[in-house]
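The values are calculated or read from the model by the stated rules, or taken from the named source; none is laboratory data. As the structure is a prediction and not an experimental result, all values here were calculated from the model. Ideal geometry is used to build each Cβ from the backbone, glycine not excepted, and the neighbour counts take in all protein chains shown.
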Ligand SMILES: [Zn+2]
């Protein structure tokens, strides 16, 4: 992600919030602000027709500048046509019609810029002025059925879907959409642990403040010059995950839990290895992603604790933290009871006999929808070379506050 994307996205999100004011204005909500704007800012003109001028207030200018961004989404569903502007509201596919018809021709035809849809319907029959139809044939297709209901403002997507207006809907409609990065599913999935996922996002984007990056501006060398884990070389993303002897020892233990024994001890190689299969919801891939993210998170935490808190944990203690974290997460999931599921869960839940967990304890009764076998999934896992050949029938997360429920299909 480009560095400039975040402020740009914040700007767009702020725009989404401001669109609520426009929506209130257009739907004539009962509020003092709406009445004030109609009286002093619009003064009888249509909101879409107000020109930008240099002497406008900053906030009013910002609101008006949002018009081209949201114009295509704001529709008028014509009922009786009494409040829908004939020229400025988008009530037909060709609309808004002021894009096609000049003001001069509007006035020549006997209509005005403040005309409403209802003004050209006489006795239930559409009656476009002949001179306008001759000059603008596009008007010939601009008709809609009138009813006795009031006109209604709608937020309509490009495919014609009408959505309930909300800030989240506006944001979804106007937010910038870049290409999906290949590692997206490796980090962002419903069962992730948010702080681990964010840490992984920083790692993949080389955003952690490692010594190789900090040394550029840390002239006083306040944070030291060597990796706090091995105390031999300056740390970097590549060194910490997982070339450093300390993190290497941790990962050497954890990688078998993730089914990644054959993969290089380089986190970027690991991300690439899981790669295209990361979007799959199979049990072993979900566990692999959790283990990788938890390992990176606790190694980075240990590095910082040693550097700034002057405390040390052994590799075993860090391994225990990683295992506990993943185990707790998996305990919120429901594994289906199958022979393979039991075996895989025992391994994946780090149940190596030292946890003291009862075998029954690792199971959470799953009330999830039925999950069926899927041979193609099995083939994919074998292609992935994830070490553990044992497969579960699937895992489902039980309802939790931070992690939305997601069905996890078969391996
Ligand atoms: Zn090191």
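For region 10-34, which positions are out of contact with any helix residue (DSSP H, G or I) (no Cβ under 8 Å at 6 or more places or on another chain), assigned to a helix (DSSP H, G or I) and surrounded by 10 or more Cβ atoms within 10 Å (Cβ to Cβ)?
If the condition is that a residue be out of contact with any helix residue (DSSP H, G or I) (no Cβ under 8 Å at 6 or more places or on another chain), assigned to a helix (DSSP H, G or I) and surrounded by 10 or more Cβ atoms within 10 Å (Cβ to Cβ), then 10, 11, 14, 23 are the ones that fit.
Against the conditions (1) without any contact (Cβ under 8 Å) to a residue 24 or more places away in the chain; (2) under 22 Å from residue 184 (Cα atoms); (3) within 16 Å of the ligand (Cβ to nearest atom); (4) part of a helix (DSSP H, G or I), where does residue 242 fall short? Just the number, please.
Result: residue 242 fails condition (1) only.
Does residue 217 count as away from the ligand (no atom under 16 Å from the Cβ) and touching a helix residue (DSSP H, G or I) at 6+ places or on another chain (Cβ under 9 Å)? Don't jump to the end; show me each part of the working.
On the way: away from the ligand (no atom under 16 Å from the Cβ): yes; touching a helix residue (DSSP H, G or I) at 6+ places or on another chain (Cβ under 9 Å): no.
Taking the combined requirement at face value, the residue does not satisfy it.
Condition test on residue 269, is it surrounded by fewer than 24 Cβ atoms within 10 Å (Cβ to Cβ) and under 13 Å from residue 189 (Cα atoms)?
Numbers: surrounded by fewer than 24 Cβ atoms within 10 Å (Cβ to Cβ): yes; under 13 Å from residue 189 (Cα atoms): no.
So residue 269 fails the test.
Could you say whether any residue in region 246-254 is under 21 Å from residue 202 (Cβ atoms) and away from the ligand (no atom under 16 Å from the Cβ)?
Of region 246-254, the ones under 21 Å from residue 202 (Cβ atoms) are 246-248, 250-251, 254.
Among the residues that remain, those that are also away from the ligand (no atom under 16 Å from the Cβ) are: 254.
Looking for residues that are under 21 Å from residue 202 (Cβ atoms) and away from the ligand (no atom under 16 Å from the Cβ), one finds at least one in region 246-254, hence yes.
Determine, yes or no, whether residue 293 is more than 12 Å from the ligand (Cβ to nearest atom), in contact with a helix residue (DSSP H, G or I) (Cβ under 7 Å, 6 or more places away or on another chain) and under 18 Å from residue 210 (Cβ atoms).
On the way: more than 12 Å from the ligand (Cβ to nearest atom): yes; in contact with a helix residue (DSSP H, G or I) (Cβ under 7 Å, 6 or more places away or on another chain): yes; under 18 Å from residue 210 (Cβ atoms): yes.
Yes, satisfied.
Scan region 266-288 and tell me whether some residue there is in the same structural domain as residue 198 (by TED's automatic domain parsing), in contact with a helix residue (DSSP H, G or I) (Cβ under 8 Å, 6 or more places away or on another chain) and within 16 Å of the ligand (Cβ to nearest atom). Walk me through it before giving the result.
First pass over region 266-288, keeping only residues in the same structural domain as residue 198 (by TED's automatic domain parsing): 266-288.
Restricting the remaining residues to those that are in contact with a helix residue (DSSP H, G or I) (Cβ under 8 Å, 6 or more places away or on another chain) gives 266-268, 270-271, 273-275, 277-280, 282-285, 287-288.
From what's left, within 16 Å of the ligand (Cβ to nearest atom): 266-267.
Within region 266-288 (the criterion being in the same structural domain as residue 198 (by TED's automatic domain parsing), in contact with a helix residue (DSSP H, G or I) (Cβ under 8 Å, 6 or more places away or on another chain) and within 16 Å of the ligand (Cβ to nearest atom)), the answer is yes, since at least one residue qualifies.
Report, by residue number, each residue of region 228-239 that is more than 8 Å from the ligand (Cβ to nearest atom) and part of a helix (DSSP H, G or I). I'd like the intermediate steps shown before the answer.
Filtering region 228-239 for residues more than 8 Å from the ligand (Cβ to nearest atom) gives 234, 236-238.
Selection gives 237, 238.
What do you reckon, is residue 62 closer than 25 Å to residue 167 by Cα, touching a strand residue (DSSP E or B) at 6+ places or on another chain (Cβ under 6 Å) and touching a residue at least 12 places away in the same chain (Cβ under 8 Å)? Outline the logic, then answer.
Numbers: closer than 25 Å to residue 167 by Cα: yes; touching a strand residue (DSSP E or B) at 6+ places or on another chain (Cβ under 6 Å): no; touching a residue at least 12 places away in the same chain (Cβ under 8 Å): yes.
Answer is no for this residue.
I'd like to check something: does region 53-72 contain any residue that is closer than 24 Å to residue 127 by Cα and outside the structural domain of residue 128 (by TED's automatic domain parsing)? First the steps, then the outcome.
Residues of region 53-72 that are closer than 24 Å to residue 127 by Cα, as a first pass: none.
The answer is no; no qualifying residue exists.
Please list, ordered by first then second residue, the pairs with beta carbon atoms under 6 Å, 6 or more apart or interchain, first in region 271-298 and farther than 17 Å from residue 193 by Cβ, second in a helix (DSSP H, G or I).
If the second residue must be in a helix (DSSP H, G or I), the pairs left are 277/285; 277/380; 277/384; 279/185; 282/377.
When residue 246 is evaluated against the numbered criteria (1) surrounded by fewer than 21 Cβ atoms within 10 Å (Cβ to Cβ); (2) modelled with pLDDT of 90 or more, which criterion, by number, is the only one it fails?
Unmet for residue 246, out of (1) surrounded by fewer than 21 Cβ atoms within 10 Å (Cβ to Cβ); (2) modelled with pLDDT of 90 or more: (1).
What are the residues in region 98-132 that are touching a residue at least 40 places away in the same chain (Cβ under 8 Å) and either farther than 27 Å from residue 156 by Cα or touching a helix residue (DSSP H, G or I) at 6+ places or on another chain (Cβ under 7 Å) (or both), if any?
Hit for region 98-132 is 113, nothing else.
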